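Structure below; questions to follow.
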Amino acid sequence: EYFGSEVIRIAGKYGVARNNGRVITLPGKTFKLPTMGSVTAYRTDEKGAITASSPESGQLEFVAKKLAAMVIVTTELIEDANIDILNYLAQLCGEAVAKKEDEWAYLGLTGTEGIFRNTDVQVYTLGAGDTKFADVNFDDISGAMALLDDAVVDNAVIAGSWSVFNALRVIKDENKNYIYQNPGAGMPNTIWGLPYVKSTVLPKTTQVASQADTPFMAIYDPRYLMIGDRRSLSLEFSKEATVHSSDGQTTINLFEQDMVAIKVTERLDIQLAEADKAFVRIETAAS
């Protein structure tokens, strides 16, 4: 058997959260970042008493957690392939970790993580009867933007899937003219002046499960989506380890079976600063 010199695949668009967030370095496993509200100024008369402000304070706590991906291959595959298969598989592992970062930041992996699960994030719900993701319109996006704090609107982005973006593009006015983008126009991907960023982890209009009462878009200021890196992506190879196969039951002795394992890991935490001011999620109406 012969291997071709290329690999054909469709790669998902991952790493969107990291590219549209604020990355900070964690000096240790646990890191606390102070937060501080605004100070109020007052006009006062000559020799008049000055009114003091008490800005609201708090802290954002990061606890580094591990993300990891691993694949195992035979040495025959490595020897016979016409491409650098180890580097290619390492790239796939990196993509898998980036996808998990996006799911963590937007969908939330557990508890109240992520924009879709954080209970402090403002929620804009579509109108009665609008139970499908494709029911969203520009009035809804404007309404969601109105829930953001005035101080963050200018820096905000709209995050959604490509299919939801496409549903918005085909909306027409009463004269059957496209509202957002004429098919022949080269307009930028902005709505109401805000960039639209696409992530393949966000819900699609083709979702088979019920779309009612479900978050599917977010509008937020990337400065407040905070990704704390304790250890950046690291890559390791092993030919001697004993690992479990994907079923979690079968033990594989790499040395005995002449195989190689590629492992990618990183340690990080993702937190939302000022969740009630800098983030809004858009949900469909209940059925």
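The values are calculated or read from the model by the stated rules, or taken from the named source; none is laboratory data. Note that the structure is predicted; figures quoted are calculated from it, not measured. No Cβ is skipped: glycine too gets one built from the backbone with ideal geometry, and neighbour counts run over all protein chains shown. Surface accessibility is based on the protein's heavy atoms, side chains included, excluding ligands, DNA and RNA. Shrake-Rupley method; radii C 1.70, N 1.55, O 1.52, S 1.80 Å.
Taking GluC sites (Glu not before Pro) as candidate sites, keep only those in a DSSP loop with at most 14 other Cβ atoms within 10 Å, then name the longest stretch of the chain containing none of them.
The longest uninterrupted stretch comes out as 57-173.
What does the convex hull of the alpha-carbon atoms of region 12-104 project to on average, in nm²? Walk me through the intermediate numbers first.
Details: hull surface 42.8 nm².
If you wrap the Cα atoms of region 12-104 in a convex hull and average its projections, you get 10.7 nm².
Name the lysines eligible as straight-distance cross-link partners of K277: C-alpha to C-alpha under 28 Å, and not fewer than 8 places from it in the same chain.
K13, K29, K32, K65, K99, K100, K132, K198, K204
Roughly how many debye, to the nearest 20, is the charge dipole of the chain about its Cα centre, given +1 on each Lys and Arg Cβ, -1 on each Asp and Glu Cβ, and no other charges?
Value, rounded to 20: 420 debye.
Moving on to the next point. Starting at the first residue of region 141-158, write each ³J(HN,Hα) from the Karplus equation 6.51 cos²θ - 1.76 cosθ + 1.60 with θ = phi - 60°, in whole Hz, x for Gly and Pro.
So the J values, rounded to whole Hz, are 5, 4, x, 5, 4, 5, 7, 6, 5, 4, 6, 10, 4, 5, 9, 6, 10, 9.
At what distance in angstrom do the alpha carbon centres of region 160-198 and region 43-100 lie from each other?
Their Cα centres are 30 Å away from one another.
Whole-Hz ³J(HN,Hα) for each residue in region 180-196, computed from phi via Karplus 6.51 cos²θ - 1.76 cosθ + 1.60 with θ = phi - 60°, x for glycine and proline: what do you get?
Calculated HN-Hα couplings, in order: 8, 8, 5, x, x, 8, x, 6, x, 7, 10, 10, 6, x, 9, x, 9 Hz.
Can you tell me what share of the DSSP beta bridges in the chain is antiparallel? A percent to the nearest 5 is fine.
80
Over the Cα atoms of region 149-216, each weighted equally, I'd like the Debye log10 I(q)/I(0) at q = 0.17, 0.21, 0.27 Å⁻¹, rounded to two decimals.
For region 149-216 at q = 0.17, 0.21, 0.27 Å⁻¹, log10 I(q)/I(0) is -0.77, -1.02, -1.19.
Using the Cα gyration tensor of region 172-281, with a ≥ b ≥ c the square roots of its eigenvalues, what is the shape: rounded (a/c below 1.5), prolate (a/b larger than b/c) or oblate (neither)?
Values: a/c = 2.70, a/b = 2.06, b/c = 1.31.
Because a/c hits 1.5 or more and a/b exceeds b/c, region 172-281 counts as prolate.
Something else: Counting only protein heavy atoms and a 1.4 Å probe, tell me what percentage of the chain's accessible area is made up of carbon and sulfur.
That share works out to 49 percent.
For region 153-256, which trypsin sites (Lys or Arg not before Pro) are both in a DSSP coil and crowded by at most 12 other Cβ atoms within 10 Å?
K176, K239
Hey, can you find the accessible area per residue of the chain for me, probe 1.4 Å, expressed in square angstrom?
Each residue of the chain exposes 57 Å² on average to a 1.4 Å probe.
Can you list the HN-Hα couplings for region 14-31, worked out from phi with the Karplus curve (6.51, -1.76, 1.60; θ = phi - 60°), rounded to whole Hz and with x for Gly and Pro?
Values per residue, Gly and Pro as x: 10, x, 5, 4, 5, 6, 10, x, 10, 9, 10, 8, 8, x, x, 4, 10, 9 Hz.
How big is D for the chain, in µm² s⁻¹ as a whole number, if Stokes-Einstein is applied with the Kirkwood radius of its Cα pairs at 25 °C and 0.890 mPa s?
Value of D from the Cα-based Kirkwood radius: 111 µm²/s.
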